[in-house]
Amino acid sequence: MKKLIISAAFLLVGFAVSAQQDAQFTQNMFNKLAVNPGSAGHNGGICATLLSRNQWSGFEGHPQTHLFSGDVLLGGRHGVGLTVFQDKLGIEKSLVGKLAYAYNLPLGPGTLGIGAEVGFINKAFGDEFIAIDDYTKDPSIPNANTSAMTYDIGLGLFYNIKNKMYVGISTLHITQTELEDVANGAGSDPTKQGALNYLQSRHYYIMAGYDWDINNDKKWVVKPSILAKTDAASTQIDFNALLVYNNLVWGGVTYRIEDAIAALAGVYVPKVEGLKIGVAYDVTTSSLNNYTNGSLEFMINYCTNIVKPPKREVYHSVRFL
């Protein structure tokens, strides 16, 4: 697995890096389902994650993204998941909802999740476009509200070894559907013009991670991971490393090539088994650093087993011997 992670990193590091259509998160190690339907049910029970991200704080119209994902393993083989997220970037608003299914097949020392997802994408553009020139003279820019909706399909493979090592590959927006709509009132009001014309590009994801128990006592565990995504025109790669102490707290760092360095921290809530709370702060390393105060992201994750382990009963009466 270590060789696999390193190989994937060097394979993808040569691509150019730039922004893409899909929403960006830093705490991707807790957000597998959103980018790979094959991971549905891989935790063996019920899992839910909430993520909220303010990107490039200080920028007017900066990206703001909120995501919920949840999955459950049914019958030992069938993973079912739901992902819903809302994204706002300037005058653009996106709402995405999708259902995922994965068949978890025992393979070697681990389990291979073979997954698919289907859902919808809704795009809306407002009428508060900011430009130096008079944008109303350009018919390709809507100066009134527009919105459109289309369907979406994705596929993924996710191989997991006892939640200690994993590797996944997926492709989203397979159909590359186009969203089109004329501006509200266009045609009847000469001051209302323009149209929404948005092509959803196909995206490809590769992810891998490994848990290294330093002293084999689970007191100190290092969790390196990588996430790479590309739309065949540009590529973005995140290198992550978390250090977990005694299943109580963690700290870590993420490096996003030519974009940002992030500090991560989190805690396992002691009175609620399976509940984790995390935070990430990105410092922009690109030229945008002169105009932004960085990005802040919050995470809540909860996982629990469907079937609780049997409770041991101890009787002191000889009647039960």
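None of the figures in this text is laboratory data; all of them are computed from the coordinates on show. These numbers were taken from a predicted model, which means no experiment stands behind them. Don't worry about glycine lacking a Cβ; one is built from the backbone with ideal geometry, like all the others, and counts go over all protein chains shown.
Based on the Cα coordinates of region 211-291, what is the per residue volume of their convex hull in Å³?
Details: hull volume 9.4 nm³, N = 81.
Roughly 116 Å³ of hull volume per residue.
Test of understanding: ordering Trp250, Trp220 by Cβ neighbours within 10 Å, fewest first, what list do you get?
Starting with the residue having the fewest Cβ neighbours, the order is Trp220, Trp250.
Which pairs, out of Lys93/Lys164; Lys218/Lys271; Lys88/Lys271; Lys123/Lys162; Lys88/Lys219; Lys98/Lys223, put more than 31 Å between their alpha-carbon atoms?
On the way: Lys93/Lys164 37 Å; Lys218/Lys271 20 Å; Lys88/Lys271 35 Å; Lys123/Lys162 39 Å; Lys88/Lys219 40 Å; Lys98/Lys223 29 Å.
Checking Cα-Cα distances, Lys93/Lys164; Lys88/Lys271; Lys123/Lys162; Lys88/Lys219 exceed 31 Å.
How much length, in nm to one decimal, is gained on full extension between Glu92 and Tyr204, taken as 0.36 nm per residue of separation minus their Cα-Cα distance?
Taking Glu92 through Tyr204 to full extension adds about 38.0 nm, to one decimal.
Using the number of other C-beta atoms within 10 angstrom as an exposure proxy, rank Cys303, Cys47 with the fewest first.
Details: Cys303 18, Cys47 24.
So the ranking, lowest neighbour count to highest, is Cys303, Cys47.
List the relative contact order of region 247-294 as a percent without decimals, with contacts defined as Cα pairs under 8 Å and 6+ residues apart. Each step should come with its number before you reach the end.
Working: 79 pairs, mean separation 15.0, N = 48.
Once divided by the residue count of region 247-294, the mean separation gives 31 percent.
Compute the separation of the alpha-carbon centres of region 233-281 and region 62-80 and state it in Å as a whole number.
Spelled out, the Cα-based centre of one part sits 19 Å from the other.
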